[in-house]
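K.L.:
This is the structure I have questions about; it appears just below.
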Amino acid sequence: MTTAIAGFDEEFMRKLEYLALVSKRFSGQLKAERRARKLGSGLEFADYRGYVPGDDFRYIDWKTYLRLDRLLLRLYEEEQDLPIYLFVDSSRSMAYGRPTKLEYAKRVAAALCYVGLANLDRVTAISYADGVQMQLSPQRGKNQIFRVFQFLSDIHPSGKTHARDAFRFFSTGSRRHGLAVVISDFFDPDGFEPGLNTLRYYKHDVVAIQVVAREDLEPEMRGQVELIDSESSAAREVSVTPELIQAYRDEVQRFSEDLRRHCLKYQLGYVRTVTDFPFEDLVLEVFRQGRFLK
Amino acid sequence: MSFLALSASQALLLAGLVSTLVVVLFFLKLRHRRVIVGSALLWNRVLDQQLANSMMEKLRRLLSLLLTLVIALLIALAVARPDVDGRETAAGPLVLVLDTSPSMTASVGGVSRWDSAVRQARDFITRSQTTRSYMVADTAGRVRTPVTSSRQTLIDALDKMTPFPGEQHFPSLSAPGVEVYFITDGVIPVSRPPGVREISVFAPTDNVAVTAFEVRIDPTSVSGYRAFLEVTNYADRPMDVGILLSGAGDERQAWRLDMEPGDNWQDDLDLAEFRGGPLRLRIEAEGDGLTLDDTAYAYLPPPGNLRVGLVSDEAGSYLETLLRLSPEVDLRVVRPAAFREDPDVDIYIFDGFQPADAPRGPSIAFGAGPSDWMPARAGAASDLRFTTWEPGHPLMENTPVSDVVITEAGRVDPEGRTIVASADGIPLILTEETPVRRVFLTFGVGDSDFPFHLGFPVFIENALRWCSGEGLAESGGLGHIRIPMATDQVTMLDGTQAASFTESGHTVIDATQPGLYTATAEGRRVRVAANLLDRAVSDVNHTRLEGPGRLETRPRDTELWFPMLVAALLLIGLESWTYHRRVTL
C-alpha cells in the first residue's frame, strides 16, 4: 500500500497494516457480538410473528403452518455494519505541541478509520471546533482509506472549541446510533461535559481520546511571561514560578482525572495519550476497551 | 541636606529625571515575553485560584520597582554630593570682607597678600557648609554680593575684586546674627564694627618707597621751580636703591644709594635744567615688594610769559608796577573806558572795574561789582581781617596773610568757593572754576593793606598761574580723584584714555596706578599728579597683626555620597539575591 497524501508516509501505512491484522484477530473473536437488534434478512433465527398481508411470503414457516394451521413468519436477526463517527477536534488549541496535537489526532483517526473500513464498518470522519467544520461522508471498505487520508490532510486548525454546538449540529440529522470517537484535548471553555453529554443524549457509544501535548504537561517557561490563548488570543501576564508550574501540573492532572471519572460514570470509553506516545499502542488500547471492535 | 556639586533645584531635577527614567525602564523591563499556549483554560484556573499569589506578584513588582528606584536615586544623588551640616546652622549669614588697601599688593616671592586673601576666601567658600548664606565684600565699596548660598556667585565676586588704592571703608553690615571675617594685612587701619574677626594675610616683605615728590615755586626766584624728593627704606635690611628723575626731554638726574633700614633720603633739587612738562621719579631696589610707591609724577610748568591785561583807572598803580616787574608777565594796561576784550590776552585783572559781560577767558577781579557774572553784592562790611583761608589751595601757596586788614569790602553771597573769609564768615576771596577760572576779591586794591604784605606778590603770582591753568599739577592720591570740571577727556601721559566718570558736574578719575592725568574741556586743562606718597601704606611691615593667619573652615560637613554609594551597592546585592530567589522580579 502506498500513498502520496501528506503526513501519511510508508512507515505510517505499514503500521496501519499491522493494526488491520490485529483488528482482524480481535474481530474474529468478537464477530458474533456485532449483531443489530433490528430484525431482517440475516441468517440467525430470531422469532416468529403472525403473517400480515404484504409480508414476504418467502419467510413463512410452512412446516409450522402444516402443524398448527397458522401462517407464521420466521424472523431473522439482520446483520448490520457499525456506524463509526470519528470526531477530530480541529480548534486552534490542537495546533499546540511538537508534534501538534492535531497531527497526532489525525494519525489516530486515520488508524481507527482504517481498522473500521477494513471491518466493513461505515466510517464517518468529522472535524469540529465551534461547529462542524468538515465532514467526510460515510465510507466503507479499505479502498476508501485514501479518501479518509485526503480528508484528514485537509483539516487545518481554526476556531475555538465548542463541542456541544458541533455535536448537536451533527447529531440532529437522521443519524444512526453508532460509535462516536472524539479525539480532542477537551480544552473547551464550556467544559468537556456538555459535548460528551450531547453525544450520549443521541445514544452514541462514546469513546473519548484525550490528546495531550508534552508542552501541556510540562510547560517550559520561566519568569515574566504574557500567556496568549491560541484560541481566543486573550493575554494574561504571569510571573511563572516553580510553584506555579507545579500548580499547573496538578491542574492538568485534575482535569484529566475529572474527564476520566466522567467517562467512567457514564460508561464512556476513555483513553488519554501524550503526543510523544506511539499512536499504534494507543489504537490497541482503544481496541482493548472492546468498544471499537465488537 | 544640601548638595556640593549641584544646586538644590538641579539636584531635584536630576532626581526627577532619574526617577522617571527608572520607572520607564522598569516597565520596559517588565514587558513580558509572549508565550502562546494551546489553551489558557487551565492556566486561568490556576491563576484564579492563586489570588494570594496574584497579590504577592503585585507586592513583588512593587518591591522590585522600589528597590530599583532607590538604587538609581542613591547613585544619582551621590553624584550631586549631598551633605548634612556638621554644626548648628541657625546663625545668620557669614560675611567675608577683603581688605583692598594698596598695601595688600605687597608680595613675597611673587605671591601677594591679596593673592593669599583671595585664595583663603575661595578655599573657605568651597569647603564650608552649604546651607548657610554668605556674602563677600571689599573695603573699596566696589564689590558686594547679596547674601546668598550660591558658591558660584561668591566665587565670581571674588574674581572681580582687585586691590584699590583709594579710600577704604568697612562695609555696613546690618543683618542680624551676621558673622564677619575681615581678611587683611593690618597695615591700613580700617574702622570696623566690634565683633569682626580678623584673618591676617600679613607677610613681611622689603619695600623702598618714594614718600614725597613735589614741584614747588622757588621762593628765591620769580620763575624758578624746585623739586622735593624723599625716599624711605622700610625694609628690615640694607637696600641698594637706584633713583632716577626724568623730564619730558632728555633731562635725567640719577642717584645710587645704600640705604640702611629706616633710612630716609631727601633732596631739594633745582629744576632749572629741566624743561617744562611731566616729571617722573622712579626708584629701583632688588626685592622690593610693593611697586605702587616706586614711581611718582609731577608737572613742571613750561617756561613762557603770560599775557595779562590790567583794566584800571589808576595809572602807575601799585598793581601795575608789580606786574611790570614780573619777568613772566607781558602786561597790557587798558582804561575801563577803552576796554574791549582782546583775544590775545590770557588773563584780565579788573581793578575797580567790572565789565557788563563776563570775559571769555580767566580773570581776577578786585572789588565785587554789580555785574551779573560776579558774586551778587548785598551791602558792605568794614574793618575786616583775613581770618580763615585754605592753605592748601594753589592761590594761597607760600602766601602769608595772617594780618591783612580790609577797611571796606563788599558783602557778597558765597556763590563760588570761598578761599579766604573774615571772622564773621564774610567771603573775602572767592574762586570759580566753571566755565573758566576766575578769582574774586571782594575789596579793592586800595581798600586793604594786602598790597603791602609780602604775601601779595606771591598771591598775584599764584592767581595768575592758577587762572592760566599752566601752573603746577594738582596733587592727588591714588584712587578716585575728583576735579571740578565735567569732561570725559581724561588722558594719561602716553595719550591713552584714563578711566573716569562724571558725577554732579565733576569728573572722577579712577587712578589705580601712579600717573599724570590731564583732563581737558573747552580748551581748559587740569593736570593731576596721582601718586601714592603714603608713608602708612609704604610701611608695609608695620602691622597690628601677627604672621599669616588661617581662615579656618567650619567643622567639616558630613558628605553623604560615599555612604549612599555603599548603600546602593548593598541594595544591588540584595536585589540580585532576592531576584535569584524569586522574591523580586
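No value in this document is a laboratory result; all are computed from the given coordinates. Nothing here was measured: the structure is a model prediction, and the numbers come from that model. Methodologically, a virtual Cβ is constructed for each residue, glycine included, from the backbone with ideal geometry; neighbour enumeration extends over all protein chains shown.
K.L.:
How do B:199, B:243 rank when sorted from fewest to most other Cβ atoms within 10 Å of their own Cβ?
P.N.:
Listing B:199, B:243 from fewest to most nearby Cβ atoms yields B:243, B:199.
K.L.:
If you don't mind, another one. Over region B:332-465, what lengths in whole Å, largest first, do the semi-axes of the equivalent ellipsoid take, defined as the square roots of 5 times the eigenvalues of the alpha-carbon gyration tensor?
P.N.:
Listed largest to smallest, the semi-axes of region B:332-465 are 22, 17, 14 Å.
K.L.:
Additional query: May I ask you to compute the full-extension gain from residue B:246 to residue B:155, defined as 0.36 nm times their residue separation minus their alpha-carbon distance, rounded to one decimal in nm?
P.N.:
28.5 nm
K.L.:
While we're on this one: Using the Kirkwood formula over every pair of different C-alpha atoms, what hydrodynamic radius in Å results for region B:106-151?
P.N.:
12.0
K.L.:
Oh, and also: I need B:19, B:402 ordered by Cβ neighbour count within 10 Å, fewest first.
P.N.:
B:402, B:19
K.L.:
Toward the positive end of the charge dipole of the protein assembly as shown, about the Cα centre and with charges on Cβ (Lys, Arg +1; Asp, Glu -1), which of B:199, A:52, A:287 goes farthest?
P.N.:
About the Cα centre, the residue reaching furthest to the positive side is A:52.
K.L.:
Oh, and also: What's the percent breakdown of Cα-Cα distances in region B:323-366 across 10 Å bins, shortest bin first?
P.N.:
Calculated over all Cα pairs of region B:323-366, the distribution is 24, 62, 14, 0 percent.
K.L.:
Among rounded, prolate and oblate, which fits region A:166-233 when a ≥ b ≥ c are the square roots of the eigenvalues of its C-alpha gyration tensor, a/c under 1.5 means rounded, and a/b larger than b/c means prolate?
P.N.:
The shape class here is prolate.
K.L.:
Here is a further query. Taking each pair of distinct Cα atoms in the protein assembly as shown once, what is the resulting Kirkwood hydrodynamic radius in Å?
P.N.:
Averaging 1/r across every pair of different Cα atoms and inverting gives 40.4 Å.
K.L.:
Hey, another quick one. Taking every Cα atom in region B:453-510, find the radius of gyration and the maximum pairwise distance Dmax, and write them in Å.
P.N.:
Reported Rg and Dmax, both Å: 14.6, 45.
K.L.:
Another question, then. Which far-off residues, 5 or more places away or on another chain, put their amide H under 5 Å from the one on residue B:334, with H placed in the peptide plane?
P.N.:
So residue B:334 has HN proximity to B:310, B:311, B:312.
K.L.:
With only alpha-carbon atoms counted, please give the Rg and Dmax of region B:260-392, in Å.
P.N.:
22.5, 69
K.L.:
Given R₀ = 56 Å, what would the calculated FRET efficiency be for residue A:169 paired with residue A:276, taking r from the Cβ atoms and rounding to 0.05?
P.N.:
So the FRET efficiency works out to roughly 0.95.
K.L.:
Hey, another quick one. Once you have the alpha carbon radius of gyration of chain B, what is it after dividing by 2.2 N^0.38 Å, with N set to its residue count?
P.N.:
Cα Rg divided by the expected 2.2 N^0.38 Å: 1.55.
K.L.:
May I pose another question? Give me the dipole magnitude in Debye, nearest 20, for region B:387-479 about the Cα centre, with unit charges on the beta carbon: positive for Lys and Arg, negative for Asp and Glu.
P.N.:
140
K.L.:
Quote the FRET efficiency, to the nearest 0.05, computed for residue A:177 versus residue B:33 with a Förster distance R0 of 60 Å and r equal to the Cβ-Cβ distance.
P.N.:
My answer for the efficiency is 0.75.
K.L.:
Only four residue types carry charge here, +1 at the Cβ of Lys and Arg and -1 at the Cβ of Asp and Glu. Report the dipole size of region A:124-172 about the Cα centre in Debye, rounded to the nearest 20.
P.N.:
It comes to approximately 200 debye.
K.L.:
While we're here: Output wanted: per-residue J couplings in Hz (rounded whole) for region A:95-108, from phi through Karplus 6.51 cos²θ - 1.76 cosθ + 1.60, θ = phi - 60°, x for Gly and Pro.
P.N.:
Once θ is set to phi - 60°, the couplings for region A:95-108 become 7, 8, x, 10, x, 5, 5, 5, 4, 5, 5, 4, 5, 4 Hz.
K.L.:
Here's something else I'd like to know. Which one of B:114, B:565, B:272 has its Cα pushed farthest toward the positive end of the charge dipole of chain B, where Lys and Arg give +1 and Asp and Glu give -1 at the Cβ?
P.N.:
Ranked along the dipole, the leading option is B:565.
K.L.:
How much FRET efficiency would the formula 1/(1 + (r/R0)^6) give for residue B:7 and residue B:66, where r is the Cβ-Cβ distance and R0 is 30 Å, rounded to 0.05?
P.N.:
It comes to 0.65.
K.L.:
While we're here: Expressed as a whole number of Å, what is the distance separating the alpha-carbon centroids of region A:63-131 and region B:140-165?
P.N.:
105
K.L.:
Would you mind checking the radius of gyration and Dmax of region A:180-294 based on alpha-carbon positions, in Å?
P.N.:
When restricted to Cα atoms, region A:180-294 yields Rg and Dmax of 16.1, 52 Å.
K.L.:
For chain B, what does -39500 (n - 2.57) per DSSP helix run (n ≥ 4), summed and divided by total residues, give at 222 nm, in deg cm²/dmol to the nearest 500?
P.N.:
The helix contribution divided over chain B gives -7500 deg cm²/dmol.
K.L.:
Neighbour counts of other C-beta atoms within 10 Å: give me B:577, B:389, B:373 arranged from fewest to most.
P.N.:
Placing the least packed residue first, the sequence is B:577, B:373, B:389.
K.L.:
How are the C-alpha pair distances of region B:179-292 spread across 10 Å bins, as whole percents from the shortest bin up?
P.N.:
12, 33, 24, 18, 10, 3, 0
K.L.:
Share of Cα-Cα pairs in region B:354-404 beyond 14 Å, in percent?
P.N.:
Of all Cα-Cα pairs in region B:354-404, 67 percent lie more than 14 Å apart.
K.L.:
Name the residue farthest towards the positive end of the dipole of the protein assembly as shown from the options A:246, B:243, A:111, assuming +1 on Cβ of Lys and Arg, -1 on Cβ of Asp and Glu, about the Cα centre.
P.N.:
It is A:111.
K.L.:
Let me ask something else. Starting from a Cα-only point model with no solvent, please compute log10 I(q)/I(0) by Debye for region A:65-173 at q = 0.09, 0.21 1/Å.
P.N.:
At q = 0.09, 0.21 Å⁻¹ the computed log10 ratios are -0.32, -1.08.
K.L.:
Amide H neighbours of residue A:272 under 5 Å, counting only residues 5+ apart in sequence or on other chains, H built in-plane at 1.01 Å?
P.N.:
When sequence neighbours closer than 5 places are left aside, the close amide H contacts are A:210.
K.L.:
What does the charge dipole of the protein assembly as shown about its Cα centre add up to, to the nearest 20 debye, if the Cβ of each Lys and Arg holds +1 and the Cβ of each Asp and Glu holds -1?
P.N.:
So the magnitude is around 10700 debye.
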